[in-house]
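Undergrad: Got a structure for you, written out below as structure tokens; questions coming shortly.
We did not get these values from a lab; they are worked out from the coordinates using the rules stated. Since we're looking at a predicted model, the values are computed, not measured. As a convention, Cβ positions derive from the backbone with ideal geometry for all residues, glycine included, and neighbour counts pool all protein chains shown.
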Amino acid sequence: MPKYWLISDRNNGGTGTGRNVSGLTYFVSDGVGPLNDIASWQKATPTQFRTLLTAAADAFPALTAGENEGQSHVTILIHGFNESFADTTAFYQNLCTRLFDGPDSLGICVLYDWPSLGSVAGYEPDRSTARECAGDLTDILSELFDWLIKKQQDANNSNGDPQKSCKAKVSVIAHSMGNYILQKAMAAAWTRKNQPLLVSLINQLIMVAADVDNDLFDAGAADNGDGDAVANLTYRITALYSGRDAALGASAGVKHFGTRRLGRSGLANRPPLVASPPATDNAWDVDCSSFFPPNTGFNGPGLGSVDIHGAYFVTDGTIQLMRQILKGVDRGVLDKLGVTTGHAWPA
């Protein structure tokens, strides 16, 4: 079974800085050779990729409802702004090593690689490309939705046989501008699948340093139509943020007319505002500032060459927090442990 999974929206054979107008391309790797070399990946047809991924998910252990926190994941990872193919694959491999490898693996991680220009000067072109790619991600989400519905139907037809049920949770980790792509893609998927929802499309969504409006989930906000779709399609949404993120401070000033970024300030209102009760209870946030060394993003790098905007993925505390969130540990439990305020994890 493949170790690494890639769905590419890039041109130039999967490594370019432009969108592939011919459609998505699919790759798998057994882990032999560096992932930043496209030659280390084996191209697959969409059908082959789906078949392999379905077989891998079907091989997950069948657990009871009481073992929910042990259930394996198929996680989609969406990278952020200013990421080349080489940067993205290194980022992906690092996260897989930390969360999706070894005896404590959470399951399978699939990289959705959209064509960021890989240039700091390319913020607005990247934003435009992100909007174009959202439709391709919508196709991926729609297929996942159909797969989950089929699994539920199979389970119903077999009187709840756990071997026929879906053995995987579908989760998403999105970083930076990758959250903007996801926001637009989920809004389109919600419209496309205009039907009563039998299952949540996404079990756990982790929005890391999200480059989206911080009032996304508030009724009356400019993007609340998108936020409503994200909230309805997701069981639990967790935004990891830091007021020390200078990159998102610049983002708000450049293109967002003063609206603060979710990844810099956290939710504008806790819980988000709604037109009528009940309030949206499945969106929450965690200030991760105290997880990072004091000089990170200020007078020195603190974490090698990584600043606050990317520090979540190389800091043990935030990686552990992501693990607990994906497992489905209740936020009240995490609050009592103190870990959601950046305190040390208990021994």
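Undergrad: What distance in nm separates the two pseudo spin-label positions at D87 and D104, each 7 Å out from Cα along the beta-carbon direction?
TA: 2.9
Undergrad: Could you pull out every residue, at least 5 positions away or on a different chain, whose amide H is within less than 5 Å of the one on A283? Hs are placed 1.01 Å off N in the peptide plane, and Pro or chain starts have none.
TA: I237
Undergrad: What does the charge dipole of the stretch 1-119 about its Cα centre add up to, to the nearest 20 debye, if the Cβ of each Lys and Arg holds +1 and the Cβ of each Asp and Glu holds -1? Write down the numbers at each step before the final one.
TA: Details: 6 positive and 11 negative charges, 78 e Å.
Dipole about the Cα centre, nearest 20: 380 debye.
Undergrad: Tabulate in residue order the Karplus-calculated ³J(HN,Hα) for the stretch 134-146, using 6.51 cos²θ - 1.76 cosθ + 1.60 with θ = phi - 60°, rounded to whole Hz; enter x for Gly and Pro.
TA: Working through the residues one at a time gives 4, x, 5, 5, 4, 4, 5, 5, 5, 5, 4, 4, 4 Hz.
Undergrad: In a shell of Cβ-Cβ distance under 14 Å around P46, excluding P46 itself, what net charge do Lys and Arg (+1) and Asp and Glu (-1) give?
TA: Working: positive: K43, R50; negative: D9, D136, D139, E143, D146.
Net charge in that neighbourhood comes out at -3.
Undergrad: Mind giving me the FRET efficiency for N12 and N232? R0 is 51 Å, r the Cβ-Cβ distance, nearest 0.05 is fine. Walk me through the numbers before you get to the answer.
TA: On the way: r = 37 Å, r/R0 = 0.72.
In this case the efficiency is close to 0.90.
Undergrad: Still on this structure: Hey, which aspartates and glutamates would be in cross-link range of K167, C-alpha to C-alpha under 14 Å, not counting anything within fewer than 8 residues on its own chain?
TA: Here the aspartates and glutamates satisfying the reach criterion relative to K167 are D58, E67, E69, D154.
Undergrad: Also, quick follow-up: For T51 paired with L63, estimate the spin-label separation in nm (one decimal), with each label point 7 Å from Cα along the Cα-to-Cβ line.
TA: 3.0
Undergrad: State, to one decimal in nm, how far the label point of D146 lies from the label point of R323, with both points 7 Å from Cα in the Cβ direction.
TA: According to this spin-label approximation, the distance is 3.7 nm.
Undergrad: Also: Quick one: Karplus J couplings for the stretch 316-331, per residue in order, coefficients 6.51, -1.76, 1.60, θ = phi - 60°, nearest Hz, x for Gly and Pro?
TA: Listing the rounded values in order: 4, x, 6, 5, 5, 4, 4, 4, 5, 5, 4, 5, x, 4, 4, 5 Hz.
Undergrad: Arranged by the count of other C-beta atoms within 10 angstrom, fewest first, what order do V314, V32 take? Walk me through the intermediate numbers first.
TA: Values: V314 17, V32 7.
The order, fewest Cβ neighbours first, is V32, V314.
Undergrad: Kindly state, to the nearest 0.05, the FRET efficiency for D154 paired with V333, given R0 = 30 Å and r defined as their beta-carbon distance. Provide the component values of the computation, followed by the final result.
TA: Working: r = 32 Å, r/R0 = 1.08.
Given R0 = 30 Å and the Cβ-Cβ separation, E is 0.40.
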